[in-house]
Amino acid sequence: MAIKGRDRGQPTKRSCILKLAIHGGEPVRQTKIYYGRQYIDQADCDAVNAVMLGDLITTGPRVKELEGRLCALCDVNYASAVANGTAALHAACYAAGIGPGDEVITTPMTFAASANCVLYCGGTPVFADIDPTTYNISPAAIREKITSRTKAIIAVDFTGQAADLAPIRKLCDEYGLVLIEDAAHSIGTKYNGIPVGSVADITTLSFHPVKTITGGEGGAVLTNSHTYYRRVDLFRTHCITRDVDDMHNKTEGSWYMEQLDLGYNYRLTDFQAALIVSQLDKLDRFAKRRKEIVRRYDEAFATVPGIILQKEIPQSDTVRHLYIIQLDPAVLNCTRRAFFDAMTAENVVPMVHYIPVYYHPYYQRLGYTKGLCPYAEALYENIMSIPLYYSLTDKDVDDTILAVKKVAAHYKKQMVE
Ligand SMILES: Cc1ncc(COP(=O)(O)O)c(C=O)c1O
């Protein structure tokens, strides 16, 4: 009987080198790196400073400039900058007219905001399962969840890869549903050659620091519909209008304004807008580097037993926000927790994206139960995100590859012939 795989005999020089840091071995690097990080340069700081010394620090000319830049980048008629990606989703649901009794279908494999926005409007999130290879919401699973109460679909471009928007668009047209695309991860991505932002009825962006482009916080709502644009524009500033055409009382003075509906203060500051505009100047560089790193990881992990990679659909030209490795329990003899902790000890600190939304105690209290979306649940058990951001050096990338290979080799099941 021959034992293949990890040497179980006397420690050799090689097995000493590869002793896991969590077991007292040498970590692959001395300083920690994490799954995501912003990149801020002097041009960004100068852009922010220029606003700080001016007259307007809340919504002003830089917000307008940002909106123009987003329209051009995403090939869309209207962009409204808002305080963050969650506010963008809330505004999108408001614009789409989501209310009590309405169902909105979304994926559980996302940040909670993609479903919370439906609850904010009094609607009901309905979770449709993912495709187990691309990790994005499955059009076939969506179809199964459509009822007479369904009003919209929120498709999330998970990790930056565009959701399979053509069949989802078809479903929306067939059933008269609004298509909202949560593009928090996917600025710069194209679907069938069309930039994310102009495919769905309404698209939302996030400028949180781990995203490809950051404003510290920030978000935007993109649409080609003037009606949706007007609703978002009012919603982000309390639904208060200064436009006489919209007012009930048209005879008051220039000080007069009217609140037409219940809105919020979801405005973006001008200094955040200046930062985002300055970051957009670097988007091509950011995208190129992210793609390079993804290519290196894909090549390095293609032949590592126990590591399964996310499948890319040919329709998506992806600027990846997250790089996920999926552990294969048939090959690796460890829990995700053990792998995660071992990576952390190697000083390559992963993260898990995401806990299925309906696992959260709040959603359980609302009556959602485990078992709703088996593919998403199975994926959650085995995934982690490894470092992917613009300023990762080649050495950081090498260290990350080494750490994954080292931990995977350690936990590889023995093959008995
Ligand atoms: C898919 C997705 N949607 C929405 C959001 C919310 O964005 P923000 O953090 O800007 O509110 C996030 C943020 O992490 C996200 O990952």
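What single numbered condition from (1) over 19 Å from Leu280 (Cβ atoms); (2) touching a helix residue (DSSP H, G or I) at 6+ places or on another chain (Cβ under 7 Å) fails to hold for Pro100?
Result: Pro100 passes all but (2).
Test each condition in (1) crowded, with 22+ Cβ neighbours inside 10 Å; (2) farther than 18 Å from Val397 by Cβ; (3) not small (Gly, Ala, Ser) for Gln310 and report the one that comes out false.
(2)
Report, by residue number, each residue of the stretch 296-352 that is over 21 Å from Ala21 (Cβ atoms), within 18 Å of the chain's Cα centre (by Cα) and part of a loop (DSSP other than H, G, I, E, B).
Passing the criteria: Gln310, Lys311, Glu312, Ile313, Thr318, Val319, Arg320, His321, Leu322.
Determine which member of the set Gly215, Gly188 is within 16 Å of the ligand (Cβ to nearest atom), open to solvent by 20 Å² or more (accessible area, probe 1.4 Å) and in a loop (DSSP other than H, G, I, E, B). Step through it out loud before you land on a result.
Numbers: Gly215 fails: open to solvent by 20 Å² or more (accessible area, probe 1.4 Å).
Every option except Gly188 fails the conditions.
Can you list the strands (runs of 3 or more DSSP E) found entirely within the stretch 31-129 that contain at least 2 residues being under 16 Å from Val277 (Cα atoms)?
Values: elements: 78-82, 103-106, 124-127.
By residue number, 78-82.
Name the pairs: first residue in the stretch 393-409 and in contact (Cβ under 8 Å) with a residue 24 or more places away in the chain and surrounded by fewer than 22 Cβ atoms within 10 Å (Cβ to Cβ), second residue among the β-branched types (Val, Ile, Thr) and assigned to a helix (DSSP H, G or I), Cβ to Cβ under 8 Å, at least 6 apart or on different chains?
Hits for this filter: Val397/Ile293.
Could you list, in sequence order, all residues of the stretch 134-161 that are surrounded by 23 or more Cβ atoms within 10 Å (Cβ to Cβ) and in a helix (DSSP H, G or I)?
Hits for the stretch 134-161 are Ile142, Phe158, Thr159, Gly160.
Only one residue in Asp131, Asp164 is more than 16 Å from the chain's Cα centre (by Cα) and open to solvent by 10 Å² or more (accessible area, probe 1.4 Å). Which one?
One residue alone meets the criteria, Asp131.
Could you list, in sequence order, the residues of the stretch 169-185 that are within 16 Å of the ligand (Cβ to nearest atom) and over 17 Å from Asn224 (Cβ atoms)?
Those that are within 16 Å of the ligand (Cβ to nearest atom) and over 17 Å from Asn224 (Cβ atoms): Asp182, Ala184, His185.
Kindly provide the set of residues from the stretch 201-212 that are over 10 Å from the mean Cα position of the chain (by Cα) and assigned to a strand (DSSP E or B), ordered by number.
Within the stretch 201-212, Ile202, Thr203, Thr204 meet the criteria.
State yes or no: is Arg143 away from the ligand (no atom under 15 Å from the Cβ) and in contact with a Gly (Cβ under 7 Å, 6 or more places away or on another chain)?
no
Listed residues Glu26, Glu67; which is at pLDDT 95 or above, closer than 15 Å to Leu268 by Cβ and among the acidic types (Asp, Glu)?
Going through Glu26, Glu67 in turn, the sole match is Glu67.
Return a yes/no flag: does the stretch 179-195 have any residue that is among the small types (Gly, Ala, Ser) and more than 19 Å from Asp284 (Cα to Cα). Give the derivation first.
The initial filter retains those residues of the stretch 179-195 that are among the small types (Gly, Ala, Ser), namely 183-184, 186, 188, 193.
Now restrict to residues that are more than 19 Å from Asp284 (Cα to Cα): none.
No - not one qualifying residue is present in the stretch 179-195.
So which pairs qualify, if the first residue must be in the stretch 89-112 and at positive phi, the second must be surrounded by fewer than 24 Cβ atoms within 10 Å (Cβ to Cβ), the Cβ gap must be under 7 Å, and the two must be at least 6 apart or on different chains?
Gly101/Arg149
What pairs come up if the first residue lies in the stretch 180-200 and is among the aromatic types (Phe, Trp, Tyr), the second is not in a strand (DSSP E or B), and their beta carbons are under 7 Å apart, counting only those six or more places apart or on different chains?
Tyr191/Ala162; Tyr191/Leu165; Tyr191/Val199; Tyr191/Gln315
Kindly indicate the residue of the stretch 236-266 that is hydroxyl-bearing (Ser, Thr, Tyr) and surrounded by 12 or more Cβ atoms within 10 Å (Cβ to Cβ) and also nearest to the chain's Cα centre (by Cα) among those meeting that condition.
Ranking the qualifying residues of the stretch 236-266, first place goes to Tyr266.
The values are calculated or read from the model by the stated rules, or taken from the named source; none is laboratory data. Keep in mind that this is a model prediction, so the values were computed, not measured. Because the Cβ atoms are built from the backbone with ideal geometry, glycine has one as well, and the counts that use them run over all protein chains shown. For the accessible areas, the whole protein counts, side chains as well, though only heavy atoms, and no ligand, DNA or RNA atoms are used. Shrake-Rupley method; radii C 1.70, N 1.55, O 1.52, S 1.80 Å.
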